[in-house]
Amino acid sequence: LPYDKKQLKSGLILNAAIILKNPDLIEKTKIELEKLFEKNKLNLKIVDWQKASGIVGQFVTIVRMILYFAIFIIFLVALFIINNSMIMATMERIPEIGTMRAIGAQGRFVLALFITETLFLGILSAFSGSIIGIGIIKYLGNVGIPAVHDVLVFLFSGPRLYPEISFIHIIFGFLLIILVGILSTTYPAFIATRVSPAIAMENKE
């Protein structure tokens, strides 16, 4: 620093920012610094960037909540769309299901068959989507997302936003896609277990 101890003690510097290479160590670093300040009797206070930035930090929290709500709506719409598609697919496969029931397949077997099929497709889709998503984030992390408006410059804290990949978010999205697929298949699979051989013969005719 270009300041001597006398200038520091006189209060020339009121705030200092500490940027960590690993953001996950914020709480641990905060505790260690507080112990160090207490040991050296330094009257210093540590706050995270959201508290230090005041209303700006609160605005970022609100934007984050809006994004989470938008993601929830997207998955809810996907749930209904997949459910509707699975119901239509189930109706088209009634003769096939009835034939299986006629040769001795139990309702539990038909239910497990539908759930297994959805689970396989869900894992395949989630894996493919995750790979594509990681590739896009990697690319945008290198070139950046340009801020074409002053509001975006404020939100991005600069002319460009460089997104990073979070392993936790990838796992969360992967599991959420599989969960949505299974939930959307439960009702159609239940319908499939109620199909009798007689209904299947009527549909064939």
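Being out of contact with any Pro (no Cβ under 8 Å at 6 or more places or on another chain) and without any contact (Cβ under 8 Å) to a residue 60 or more places away in the chain is the requirement here; does Ser128 meet it? Spell out the reasoning first.
Details: out of contact with any Pro (no Cβ under 8 Å at 6 or more places or on another chain): yes; without any contact (Cβ under 8 Å) to a residue 60 or more places away in the chain: yes.
When the stated conditions are applied, Ser128 passes them.
Output the residue which, of all residues in region 33-49 that are open to solvent by 80 Å² or more (accessible area, probe 1.4 Å) and under 16 Å from Ala16 (Cβ atoms), is farthest from the chain's Cα centre (by Cα).
Asn40
Run down Leu152, Leu161, Leu140 and say which single residue is closer than 30 Å to Asn22 by Cα and open to solvent by less than 50 Å² (accessible area, probe 1.4 Å).
Every option except Leu140 fails the conditions.
To keep it simple, each residue is scored yes or no on (1) in a helix (DSSP H, G or I); (2) open to solvent by 80 Å² or more (accessible area, probe 1.4 Å); (3) free of Cβ contacts under 8 Å to residues at least 40 places away in the same chain; (4) among the acidic types (Asp, Glu).
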{"residue": "Ala70", "(1), (2), (3), (4)": "yes, no, yes, no"}
{"residue": "Ile74", "(1), (2), (3), (4)": "yes, yes, yes, no"}
{"residue": "Leu79", "(1), (2), (3), (4)": "yes, no, no, no"}
{"residue": "Asn84", "(1), (2), (3), (4)": "yes, yes, yes, no"}
{"residue": "Met88", "(1), (2), (3), (4)": "yes, yes, yes, no"}
{"residue": "Gly98", "(1), (2), (3), (4)": "yes, no, no, no"}
{"residue": "Gly104", "(1), (2), (3), (4)": "no, no, yes, no"}
{"residue": "Val110", "(1), (2), (3), (4)": "yes, no, no, no"}
{"residue": "Phe114", "(1), (2), (3), (4)": "yes, no, no, no"}
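The values are calculated or read from the model by the stated rules, or taken from the named source; none is laboratory data. All of these numbers come straight from a predicted model, not from anything done at the bench. Quick reminder, even Gly has a Cβ in these numbers, built from the backbone with ideal geometry, and neighbours come from all protein chains shown. These area figures cover heavy atoms from the full protein model, side chains too; ligands, DNA and RNA do not enter into them. Shrake-Rupley method; radii C 1.70, N 1.55, O 1.52, S 1.80 Å.
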